[in-house]
1. Give a residue-ordered list of calculated ³J(HN,Hα) values for the range 6-19 (Karplus: 6.51 cos²θ - 1.76 cosθ + 1.60, θ = phi - 60°; whole Hz; x for Gly, Pro).
2. Rounded, prolate or oblate, given the Cα gyration tensor of the range 1-48, with a/c below 1.5 counting as rounded?
3. Would you mind ranking 12, 62 so that the residue whose beta carbon has the fewest other beta carbons within 10 Å leads the list?
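Laboratory data are not the source of any read-out in this text; all were calculated from the coordinates shown. Worth saying up front: this structure is predicted, and the values here are computed from it rather than measured. When we count neighbours, we look across all protein chains shown, and the Cβ atoms used for this are built from the backbone with ideal geometry, even at glycine.
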Amino acid sequence: MSTTTKFTPGPWVVSKLIGVDDLGIVNVYGSAVARIGNLDIANPANAALIAAAPELYEALEWAINEIRNKNSYVTARQRLVLFDQASAALDKARGEPRAALAKSGAPA
């Protein structure tokens, strides 16, 4: 299984695209990754889900690798980090503000 991705590295954020009246996804350098559509008709929830894709990919990749490696011992701290990473990606996908880890209900 290849770990090399073909998509633009994240993080991505939802933004109004410069020079057009469109909602889009941009990378950390401000370059457009995707054009969602006209600001009047674009669905911000769809844009939030698309913008969260790199974080969702990373969290799932880590979880799958840990599950696949039956000899892997995941410490309580590693589980907490994985839980926080996955929770943050889901919050971003939902377009919700990031809750503090202490309030997340993360397993110990």
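1. Working through the residues one at a time gives 9, 8, 5, x, x, x, 10, 9, 7, 7, 6, 6, 6, x Hz.
2. Values: a/c = 2.95, a/b = 1.94, b/c = 1.52.
In terms of gyration-tensor shape, prolate.
3. Details: 12 23, 62 15.
Sorted ascending by nearby Cβ count, the order is 62, 12.
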